[in-house]
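Read the structure below first, then the notes.
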């Protein structure tokens with residue numbers, strides 16, 4: 001439960017984004033975030049997240065309370081609640097303890113109702129091949145293989161292939177280890 005000071009601080013941190021962005025956004029402190037434009041990547045937020053009616057989001061999303069009216073192609077994990085309101089269209093799997101789907105909203109994927117005690121035990125992961133990672137990072141595949149073979153990038157060898165977890169890659173990029 002938020003006390004009066006926390007509620008005031010959250011209310012003061014309102015971000016209304018109507019732009020085209022790409023990458024990994026992480027908010028460690030509570031914020032009220034509204035996305036109205038296009039976003040590609042990963043998004044992790046505390047507080048309230050609103051995906052506006054005209055927003056197009058291609059991302060895995062993790063947050064506390066999430067309301068979707070726009071289009072999302074990606075997995076969603078809401079630790080408190082997830083509301084899909086018309087004309088929302090979500091293509092991906094969702095995990096939340098409380099789900100509300102309004103008439104006119106579309107969900108194409110699997111849904112899991114998680115208890116609050118199990119929230120941290122089942123994180124959303126997205127694995128990428130070397131080719132997908134090269135496109136994601138906008139580098140040559142040979143560079144991805146060089147980094148992986150030299151242990152410079154977090155990855156797992158799967159036989160003759162490499163697999164990369166998107167969240168670990170985003171953390172790696174955020175710490176500016178990419179050169």
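Here are the numbers for this structure:
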| item | result |
| --- | --- |
| Residue tally, condition more than 17 Å from residue 59 (Cα to Cα) and in contact (Cβ under 8 Å) with a residue 12 or more places away in the chain, over segment 156-178 | 6 |
| Condition met for residue 38 (in contact with a strand residue (DSSP E or B) (Cβ under 6 Å, 6 or more places away or on another chain), at pLDDT 95 or above and surrounded by fewer than 22 Cβ atoms within 10 Å (Cβ to Cβ)) | no |
| Test: residue in segment 107-128 that is at pLDDT 85 or above and in a loop (DSSP other than H, G, I, E, B) | yes |
| Qualifying residue in segment 72-83 (condition: in the same structural domain as residue 38 (by TED's automatic domain parsing), modelled with pLDDT of 85 or more and over 18 Å from residue 44 (Cβ atoms)) | yes |
| Any hit, segment 69-76, residues being over 15 Å from residue 57 (Cα atoms) and either in contact with a helix residue (DSSP H, G or I) (Cβ under 8 Å, 6 or more places away or on another chain) or surrounded by 18 or more Cβ atoms within 10 Å (Cβ to Cβ) (or both) | no |
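The values are calculated or read from the model by the stated rules, or taken from the named source; none is laboratory data. Please read these numbers as outputs of a predicted model, since none were measured by experiment. In this analysis, Cβ positions are derived from the backbone assuming ideal geometry, glycine residues included, and neighbour counts consider all displayed protein chains.
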